[in-house]
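The values are calculated or read from the model by the stated rules, or taken from the named source; none is laboratory data. The structure displayed is predicted, hence computed values, not measured ones. Every residue, glycine as well, gets a Cβ built from its backbone with ideal geometry; the counts of neighbours run over all protein chains shown.
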Amino acid sequence: MSAIHDGRRESATPEGSATLEGFDHASGFHCGSTALRGLAERYGWTCSGVNGPTCSETICFGLGEGIGFTYFTPGSSPDRAFFGRSPGLETTFLDRIGVAYDRRSGDDWARTRDRLETRLANGDPVLLATDVAGLPYFDTDTHFAPHRVLCVGLEDGRDREHDRGAAGADRVALIADNEFDDVKRVPLTTLRDAMTDDHLVPIRNRTTVVTDPEPEQPATDRMGAATVEAAIAATARSMLDPAAASGPSGAAVPDGSAGPDGSAASAVAAVTGIEGIRTLAADLPQWVDRSEPRWTARLAAQNVDSRGTGGGAFRRPYASFLERAARVVPALPETAPDRMHGIADDWSRLATTFRRASEAETDAELSTRLAEASRRVRTIADREERFWRRALAALA
């Protein structure tokens, strides 16, 4: 069995242990930012000086410009969906602190498996994009992707009945997932299916691995005024004018997703930022005429207040980041954290409306609930636009 420890292949703690030797895993509010926190702890990336604490999940989320919005058409049911985070959170954070990494997508499984084995043998966790329906420990057939996890080790397959290595048994990946405090075991053949499922968005064996863990940015600057200002300003620009935003923040669809045939997604699928929120508001009354509108509403509620959002469509953890940011950025309005908490509350109230729509007993009741949701979304769009314009003006 191999696991990560000081850059070498080492034996892990006994089976059933909550953590692997050399890699301390704990659950978190979001898959991507939990993975970044795990990498920060693995490589010792501090955010307040050389001897300071490693970057928290909230800091990783904020510096990675985690807030976003994309309204899109998935490749299968539901036929309308949205995400409240930016598509480039993980690589944006790595870029911001100046860490070199290798990101791959579209390779066949043989190359992907070789990369996993090589990088893990070198002591590097590998960030994977998966579909939760393919991960057996979730015990669900509901597709949700991309769900990011860290692969932190490999072990030989075992004959469970006799507790010994079985000849030809599939190797097992050790997976650190934000939804669980313990590291999960997933056979590589099963992981392969979870990494190639295109039901919601294409993920196609997407991996990211740090190639040089020494950040270019000094530790004292990572939560300095200039860095934090740049992260908040870039987030504001991506919400107000995503087409003009540079880097991952301006991406049109989640992680480069496409239509079911691999072509570019439709116009609805590509609407982002404040415009995406307004498009959702305008489209909601028509959901009643689409396929499976109650299922679509149910997943919409989950995408606001569960499924790893931290609450309020990711706005609640971002408000916590702003509380920290206000200590180092004098130009940031002191009311910004409270206003973002208020926006998060608006999103949570919207989730309640979506849940009620999903439980509507008649189409008339469903139409009423969707109309109410539309009004709430329109109010959220107005409030978010005011927030981001004020923040950008203050930082300018």
Of the residues in the range 345-396, those that are within 21 Å of Asp241 (Cα to Cα), at pLDDT 95 or above and among the small types (Gly, Ala, Ser) number 4
Q | Val377 of a type in the set (A, V, I, L, M, F, W, C) and surrounded by fewer than 20 Cβ atoms within 10 Å (Cβ to Cβ) | A | no
Subset of the range 290-307, residues within 15 Å of the chain's Cα centre (by Cα), at pLDDT below 95 and of a type outside the set (Lys, Arg), comes to Ser306
- prompt: Do we find a residue being of a type in the set (Phe, Trp, Tyr), under 26 Å from Ala230 (Cβ atoms), under 18 Å from the mean Cα position of the chain (by Cα) and not assigned by TED's automatic domain parsing to the domain that holds Ala301 anywhere in the range 57-78?
  reply: yes
* Asked: Condition test on Arg104, is it within 20 Å of Ile175 (Cα to Cα) and either surrounded by fewer than 20 Cβ atoms within 10 Å (Cβ to Cβ) or at pLDDT 95 or above (or both)?
  -> yes
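Per-residue answers, yes or no, for (1) small (Gly, Ala, Ser); (2) closer than 24 Å to Arg185 by Cβ; (3) in contact (Cβ under 8 Å) with a residue 24 or more places away in the chain:
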residue: Gly98; (1), (2), (3): yes, no, yes
residue: Gly123; (1), (2), (3): yes, yes, yes
residue: Leu128; (1), (2), (3): no, yes, yes
residue: Pro136; (1), (2), (3): no, yes, yes
If we ask which residues in the range 261-285 are at pLDDT below 50 and not in a helix (DSSP H, G or I), their number turns out to be 7
If we keep only residues of the range 6-53 that are among the basic types (Lys, Arg) and surrounded by 16 or more Cβ atoms within 10 Å (Cβ to Cβ), then the residue modelled with the highest pLDDT is Arg37
Per the filter on the range 223-260, residues assigned to a helix (DSSP H, G or I), at pLDDT 90 or above and not small (Gly, Ala, Ser) are Thr227, Val228, Glu229, Ile232, Thr235, Arg237, Met239, Leu240
Checking Arg327, Arg315, Arg298 in turn, the sole residue that is under 25 Å from Asn178 (Cα atoms), surrounded by fewer than 20 Cβ atoms within 10 Å (Cβ to Cβ) and of a type in the set (D, E, K, R) turns out to be Arg298
For Cys60, the lone unmet condition from (1) in contact (Cβ under 8 Å) with a residue 40 or more places away in the chain; (2) crowded, with 24+ Cβ neighbours inside 10 Å; (3) outside any strand (DSSP E or B); (4) not aromatic (Phe, Trp, Tyr) is (1)
Picked from the range 178-196 (must be of a type outside the set (D, E, K, R) and surrounded by fewer than 18 Cβ atoms within 10 Å (Cβ to Cβ)), the residue nearest to Phe29 (Cα to Cα) is Phe180
Across the range 159-182, the tally of residues that are at pLDDT below 60 and either of a type in the set (D, E, K, R) or under 30 Å from Glu57 (Cβ atoms) (or both) stands at 5
With criteria (1) surrounded by fewer than 18 Cβ atoms within 10 Å (Cβ to Cβ); (2) over 24 Å from the mean Cα position of the chain (by Cα), Leu366 comes up short on (1)
